[in-house]
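Beneath this line is the structure, given in structure tokens, with notes to follow.
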Amino acid sequence: AGPYFRPGAGGETVMAELQGKRVQARRDLRLEVRRAVDAVALLPLLLESEESDGEWLVPAPDAALELLLQLQSLGETARVAWPEGAKFKVRQEATAGNCRLSIKQSKDWFELEGEIRLNEGLAIDLQQLIQLAKDGPGRFVSLGDGEFLALSAQLRKRLDDLAAFSEPHGKGFRFHPLTASVFQEFAGEAGEFTGDKNWQGQLKRLSEAQAFRPQLPGTLQAELRGYQEDGFNWLNRLAKWGVGACLADDMGLGKTVQALAQILSMAARGPSLVVAPTSVCLNWESETLKFAPTLQVVMFGGGQREECLKGLKPFDLVICSYGLLQQEGELLAAVDWQAIVLDEAQAIKNMATKRSQAAMELRGAFKMVATGTPIENHLGELWNVFRFINPGLLGSLKQFNVKFAAPIEKTQDKKARARLKKLIQPFILRRTKNQVLEELPSRTEITVKVEMGEEEASLYEALRRSALETLAGIGKVEGKGAQHLKILAEIMRLRRACCNPRLILPDSAVPSAKLAAFAVIIAELQENRHKALVFSQFVGHLEILRQFVEKAGIPYQYLDGSTPPKERKKRVDAFQAGSGELFLISLKAGGVGLNLTAADYVIHMDPWWNPAVEDQASDRAHRIGQKRPVTIYRLVTKGTIEEKIVGLHLQKRGLADSLLEESDLSGKVSAEELL
């Protein structure tokens with residue numbers, strides 16, 4: 001080669017010696033500049049890079065390969081010169097159109113096999129291509145010997161989906177039938193595709209379900225709001241398709257009436273089952289009598305349970321508590337139900353519990369869960385909910401942890417989160433109050449920082465130091481399990497101390513700052529004729545509040561875990577009818593399933609680990625039927641473990657919102673940080 005000149009620079013006449021001969025050339029400097037400008041305009045990557053005197057440095061390997069691909073597209077108008085022995089070549093750009101695919105059924109799965117066909121008769125097996133593509137996140141795949149294959153953005157996405165939503169099996173991949181819509185797109189884009197009759201049948205069922213126009217049962221005695229009718233239509237279509245559903249609407253949006261409409265639509269074909277917390281079972285009975293009077297309610301319990309189930313017929317609705325599901329799991333699993341509804345399904349979030357195992361054994365034509373909180377603490381809970389409604393969709397727990405839970409929770413992997421969202425989205429419906437209830441009154445949340453007096457603060461600090469001393473040597477002497485239990489016990493003592501010294505020392509005369517703050521709030525509410533729900537997780541704390549309220553002569557209602565279901569309903573009805581200014585409620589016993597819209601204030605006396613539990617409790621008042629703005633007070637003792645628990649709330653909310661809505665994740669807090 002002769003000398004190198006920058007376009008338009010240097011003399012018009014060039015002399016050089018080529019292959020032993022002297023040669024001369026005349027340059028058209030203006031034409032060179034024009035052609036250089038035209039060439040650079042066709043190389044978008046150079047326009048994004050920094051230029052220095054007609055030279056560009058492109059250090060990133062992927063960008064350099066992208067530039068090479070763009071240069072190759074110029075054909076003979078551009079020549080690429082390489083330093084000795086460092087030649088690279090982008091073989092071609094491959095699209096989904098270069099793929100040949102086949103899908104067929106294999107037992108409970110579908111199997112996908114295929115290859116990508118390149119120039120000069122070369123073909124690469126899809127399994128091999130995905131393996132090669134794993135080495136780099138970009139679109140260039142190394143074929144060896146300086147050769148690269150460029151994947152179109154669309155093909156790269158399809159390969160990522162294939163890796164995420166299937167698993168290698170034999171010569172190809174196998175995937176769950178419910179992910180058919182993901183692979184349907186790939187099949188439609190492939191240059192060649194064959195699908196067996198089972199695959200065609202699966203697509204037909206999917207298409208029929210999407211086109212299906214549900215009809216509300218004529219015997220439903222309720223005027224559904226627009227979003228509730230949408231919810232019924234969605235449930236009905238999934239039932240038509242033959243798959244399960246997770247109705248994850250915000251608390252207070254009427255999940256019960258949507259579920260009842262679905263149960264009614266299937267009632268003529270056989271009996272249905274509702275499993276709910278004990279505190280909510282009576283609510284299901286009264287809502288059924290009100291909205292679906294043609295259903296025959298069977299409250300499961302008492303004697304002759306086996307005979308009760310043997311005599312079931314169409315239009316029967318069995319209502320059962322989670323406790324009885326655990327006890328009588330075998331009897332309930334022997335029935336072929338039409339619809340099975342697990343209400344407040346966070347009750348089965350832990351896969352290891354007997355109630356969760358009993359739920360998995362239930363058989364029904366349509367399974368659904370209703371929960372305002374499908375994820376309370378970690379993604380394993382979502383996996384268990386889906387194991388009930390659509391078994392196998394999220395893979396084994398180990399596969400789920402590797403593909404989704406670990407990347408999302410540990411490294412906030414946005415791509416893994418987007419893939420999980422894509423996988424669960426067809427089967428989960430969540431609407432928030434802000435989205436659908438413009439007419440619902442406002443909700444104001446106020447955190448009241450309570451400052452301990454000198455005596456109370458000294459007692460708390462002494463307990464904190466004692467806790468640290470107790471735990472200092474445990475790890476060396478005892479195992480992790482014992483250490484964990486001791487940490488929890490010490491944390492529990494500190495949390496009680498934040499509420500009232502009498503919860504630690506029953507005869508203590510040390511005044512409680514929190515009780516004093518409660519008294520101020522209650523006096524103000526009384527003056528302005530407001531009613532309030534008062535929640536605490538400690539029954540002992542409720543008892544102290546109860547004594548204070550009685551002494552002050554304030555009429556009230558009271559409910560904790562020992563209140564029998566019938567008495568519970570009686571007290572709720574009395575409060576709703578106007579009997580009582582305050583309702584003292586233990587968080588765990590009354591945090592779900594109750595309708596207490598007579599109150600327009602909610603007071604949380606102590607923060608619970610999980611904000612979802614507190615939110616559910618607050619929604620006893622802030623729900624359909626509420627006509628006034630709702631104010632929620634959270635009493636948090638300053639400079640104590642309670643402040644750290646409130647900090648933890650922000651992180652736990654992040655986990656649920658990032659999947660069900662669009663926010664980012666945060667990490668977790670350890671026991672050491674809390675102490």
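The values are calculated or read from the model by the stated rules, or taken from the named source; none is laboratory data. What you are looking at is a predicted structure, and each value in this text was computed from that prediction instead of being measured. All Cβ positions, even for glycine, are placed from backbone atoms using ideal geometry, and neighbour counts span all protein chains on display.
Which of the residues belonging to the stretch 248-279 are modelled with pLDDT under 95 and either in contact with a strand residue (DSSP E or B) (Cβ under 6 Å, 6 or more places away or on another chain) or among the charged types (D, E, K, R) (or both)?
Ala248, Asp249, Asp250, Lys255, Ala276, Thr278
Exactly one of these conditions fails for Glu287: (1) surrounded by fewer than 22 Cβ atoms within 10 Å (Cβ to Cβ); (2) farther than 20 Å from Leu594 by Cβ; (3) of a type outside the set (A, V, I, L, M); (4) out of contact with any strand residue (DSSP E or B) (no Cβ under 7 Å at 6 or more places or on another chain). Give me its number.
Every listed condition holds for Glu287 apart from (2).
State yes or no: is Val450 in contact with a Lys or Arg (Cβ under 8 Å, 6 or more places away or on another chain) and touching a residue at least 24 places away in the same chain (Cβ under 8 Å)?
Yes, satisfied.
Any chance you could count how many residues in the stretch 101-137 are of a type in the set (D, E, K, R), over 25 Å from Ser181 (Cβ atoms) and loosely packed, with under 13 Cβ neighbours inside 10 Å?
2
Just checking, which of Thr444, Thr432 is touching a strand residue (DSSP E or B) at 6+ places or on another chain (Cβ under 9 Å), in contact (Cβ under 8 Å) with a residue 12 or more places away in the chain and either surrounded by fewer than 19 Cβ atoms within 10 Å (Cβ to Cβ) or charged (D, E, K, R) (or both)?
Criteria check complete, one pass: Thr444.
When residues of the stretch 99-118 are filtered for being among the basic types (Lys, Arg) and touching a helix residue (DSSP H, G or I) at 6+ places or on another chain (Cβ under 8 Å), how many remain?
Kept after step one, since they are among the basic types (Lys, Arg), are these residues of the stretch 99-118: 100, 104, 107, 117.
When the remaining residues are screened for being touching a helix residue (DSSP H, G or I) at 6+ places or on another chain (Cβ under 8 Å), the result is 104, 117.
Going through the stretch 99-118 one residue at a time, the tally reaches 2.
Taking only the stretch 481-500 into account, find how many residues are within 16 Å of Met452 (Cβ to Cβ) and assigned to a helix (DSSP H, G or I).
Final tally of qualifying residues: 7.
Name the residues in the stretch 484-540 that are within 32 Å of the chain's Cα centre (by Cα) and of a type in the set (Ser, Thr, Tyr), would you?
Scanning the stretch 484-540 gives a single hit, Ser536.
When the residues of the stretch 33-86 are filtered to those that are under 27 Å from Leu151 (Cβ atoms) and among the β-branched types (Val, Ile, Thr), which remaining residue is modelled with the lowest pLDDT?
Of everything passing the filter in the stretch 33-86, Val58 is modelled with the lowest pLDDT.
Check every one of the helices (runs of 4 or more DSSP H) wholly within the stretch 283-358 and list those with 3 or more residues that are over 30 Å from the mean Cα position of the chain (by Cα) and farther than 30 Å from Pro611 by Cβ.
305-310
With respect to Val402, determine if the residue is over 14 Å from the mean Cα position of the chain (by Cα), within 23 Å of Ile348 (Cα to Cα) and in a helix (DSSP H, G or I).
yes
For Ser207, are the conditions met, namely being surrounded by fewer than 19 Cβ atoms within 10 Å (Cβ to Cβ), of a type in the set (S, T, N, Q) and touching a strand residue (DSSP E or B) at 6+ places or on another chain (Cβ under 8 Å)?
Details: surrounded by fewer than 19 Cβ atoms within 10 Å (Cβ to Cβ): yes; of a type in the set (S, T, N, Q): yes; touching a strand residue (DSSP E or B) at 6+ places or on another chain (Cβ under 8 Å): no.
In short, no.
With the requirement that a residue be in a helix (DSSP H, G or I) and either among the basic types (Lys, Arg) or modelled with pLDDT of 90 or more (or both), what does the stretch 364-391 give you?
The answer is Leu382, Trp383, Asn384, Val385, Phe386, Arg387, Phe388, Ile389.
When you check Val602 against the structure, is it touching a residue at least 12 places away in the same chain (Cβ under 8 Å), surrounded by fewer than 23 Cβ atoms within 10 Å (Cβ to Cβ), closer than 22 Å to Thr637 by Cα and out of contact with any Cys (no Cβ under 8 Å at 6 or more places or on another chain), yes or no?
The answer is no for Val602.
Of all residues in the stretch 2-51, which are of a type in the set (Asp, Glu) and surrounded by fewer than 14 Cβ atoms within 10 Å (Cβ to Cβ)? Show your work before the answer.
Kept after step one, since they are of a type in the set (Asp, Glu), are these residues of the stretch 2-51: 12, 17, 28, 32, 38, 48, 50-51.
Glu12, Glu17, Asp28, Asp38, Glu48, Glu50, Glu51, listed by residue number.
Could you please find all residues in the stretch 614-635 being among the aliphatic types (A, V, I, L, M) and crowded, with 19+ Cβ neighbours inside 10 Å? Outline the logic, then answer.
First, pick out the residues of the stretch 614-635 that are among the aliphatic types (A, V, I, L, M): 617, 621, 624, 630, 632, 635.
Ala617, Ala621, Val630, Ile632, Leu635 - these are the residues of the stretch 614-635 that are among the aliphatic types (A, V, I, L, M) and crowded, with 19+ Cβ neighbours inside 10 Å.
If you check every pair at least six apart or on different chains, which have Cβ atoms under 8 Å apart with a residue in the stretch 538-552 that is closer than 20 Å to Ala509 by Cβ first and a residue that is outside any helix (DSSP H, G or I) and among the hydrophobic types (A, V, I, L, M, F, W, C) second?
Taking only residues 6 or more apart or on different chains, the pairs are His541/Met605; Leu545/Val534; Leu545/Leu584; Leu545/Met605; Arg546/Leu584.
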